[in-house]
1. Just to verify a number: FRET efficiency for residue 6 and residue 56, C-beta to C-beta distance, R0 = 41 Å, to 0.05?
2. Quick one: 65, 32, fewest Cβ neighbours within 10 Å first, how do they rank?
3. Can you tell me the length gained on complete extension of the stretch residue 67 to residue 15, counting 0.36 nm per residue apart and subtracting the Cα distance?
Amino acid sequence: MSRDFRSLRDDFGYSGAREKFEHICTELIQSKFNNAHPVEVSQGDGGIDIFVGDFNNEIEIYQCKFFIDEIGNCQKKTNKRIV
């Protein structure tokens, strides 16, 4: 049986699906980079969900987005690179 990311919405609702999707993204990135860290959700985190590296060197940041039904203009807005 084949399932896609819509099954997350069906199983957990939209809010739970977003959280589960972010968890899946974190596990995938951690499987590639052993120094990947999830960021606890809080106001002022700049939308950062995961970062790779340490703060003594350059880090890579990732933002996980779960748009299962459509990607509108507001979702296509680009973010500025954080340096």
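Read-outs throughout are calculated quantities, based only on the coordinates presented, and are distinct from any laboratory measurement. Note that the coordinates shown come from a computational prediction; the quantities given were computed from them, not determined experimentally. Methodologically, a virtual Cβ is constructed for each residue, glycine included, from the backbone with ideal geometry; neighbour enumeration extends over all protein chains shown.
1. Between residue 6 and residue 56 the formula returns 0.50.
2. 32, 65
3. 17.6 nm
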